[in-house]
1. How much solvent-accessible surface does residue 241 expose, in Å² to the nearest 10, with a 1.4 Å probe and all protein chains in place?
2. More than 25 angstrom separation, counting every C-alpha pair in the stretch 100-230; what % is that?
3. Express the relative contact order of the chain as a whole percentage, based on alpha carbon pairs under 8 Å and six or more residues apart in sequence.
4. Given a 1.4 Å probe and the protein chains all in place, what does the accessible area of residue 224 round to, in Å² to the nearest 10?
5. Using helices alone, I'd like the mean residue ellipticity at 222 nm for the chain: each DSSP H run of four-plus residues gives -39500 (n - 2.57), total over residue count, nearest 500.
6. Enumerate the amide H contacts of residue 113 below 5 Å, restricted to partners 5 or more residues apart or on another chain; note that Pro and chain-start residues carry no placed amide H.
7. Can you pull out the trypsin sites (Lys or Arg not before Pro) in the stretch 71-162 that DSSP calls coil and that have at most 14 other Cβ atoms within 10 Å?
8. When the dipole is taken about the Cα centre of the chain, and only Lys, Arg (+1) and Asp, Glu (-1) are charged at their Cβ, what size is it in debye, to the nearest 20?
Amino acid sequence: MPLADLLQALAIVLVWGVNFVVIKWGVAGVPPLLLGALRFCLVVFPAVFFVRRPALPWRYLAFYGLAVGVGQFGCLFSAIKLGMPAGLASVVLQSQAFFTLLLARAFLGERWQASQLLGLLLALSGLALIGVGKGGNMSAVGFGLTIAAATCWAVSNIVVRQIGRAGHKVEPLGLVVWSSLVPPIPFLLLSWWLEGGERILPALRHFDLQSLFAVAYLAFLGTMLGYGLWSRLLARHAAAKVAPFSLLVPVVGLLASHLLLGESLTDLQLLGSGLLMAGLLVGVFGARLLASVLPGGVRRV
């Protein structure tokens, strides 16, 4: 990978890792569901006038927008507001890779490689340790909502796979921008119902620079710049070269949360995070390693 592309990949990792700290800042002044609505409004306008609509049926855009928009980010924003440490959220959210395996097996009939099954077991062990770990200001509801966010992300991955199976070309940036037309209205309705006008109106009246920075960062840097550069890298290089960089996101998330928010983890949470990341590494690289040492290749189960 050329140096310029390598620097772009590292820039994406930095932007997406710091994203979790910015969410923490955002929900401090804006109710989480309202923050989601504002984020997706800025993603859509004015980008929808400059990014070509992908050649997909509207049902795919709607399903993807609801899963990754309302589901993933609605749960994640609410989780961080309700007591999930930002750094730990960046780790737990990566469990989406294994929820994707489970859903793909259940709904698409995909088979697992032995390394993926081992990675799944390691990751589930890590999640269990994080869940029972005390301290670090982690709440049970925050942890549960982060798991729900990871599951919704996995659902969106299944939608993308189904798009490919149906013979449609997946254009990541176009998919992100045009599917972002869907979340704002559900977010606003849910915000009014669950958060109420007594929280929404004061938040809008006292919308300060920190809130503005958070919304702009999440929309323009976290989404437009992040997915734009990511799409460019995937177009220039094999996915196997690009995808592993995403494993660095929780590392940056933990460091940024410690440096900027003063967060720290308990011993059990650290051990659980290590097991979860080990599971991700085994899931991504295990098949390649096994194929290099086993003459019969890697079996699927």
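1. Its accessible surface works out to 120 Å², give or take rounding.
2. On the way: 4225 of 8515 pairs.
So the pairs more than 25 Å apart make up 50 percent of the total in the stretch 100-230.
3. Numbers: 440 pairs, mean separation 124.4, N = 301.
Relative contact order here is 41 percent.
4. Surface accessible to solvent at residue 224 totals approximately 40 Å².
5. Details: 16 runs with 206 residues, N = 301.
The helix contribution divided over the chain gives -21500 deg cm²/dmol.
6. Counting only residues 5 or more places away or on other chains, the set is 301.
7. Values: sites: 81, 105, 111, 134, 161; in loops: 111, 134.
Taking the stretch 71-162 and a limit of 14 other Cβ atoms within 10 Å, the loop trypsin sites (Lys or Arg not before Pro) found are 111, 134.
8. Approximately 880 debye in magnitude.
The values are calculated or read from the model by the stated rules, or taken from the named source; none is laboratory data. Only a predicted model underlies this, so the values are computations on that prediction, with no experimental measurement involved. Cβ sites come from the backbone with ideal geometry, for glycine too, and all protein chains shown count toward neighbours. Accessible surface is based on the protein model in full, side chains and every heavy atom, while ligands, DNA and RNA are left aside. Shrake-Rupley method; radii C 1.70, N 1.55, O 1.52, S 1.80 Å.
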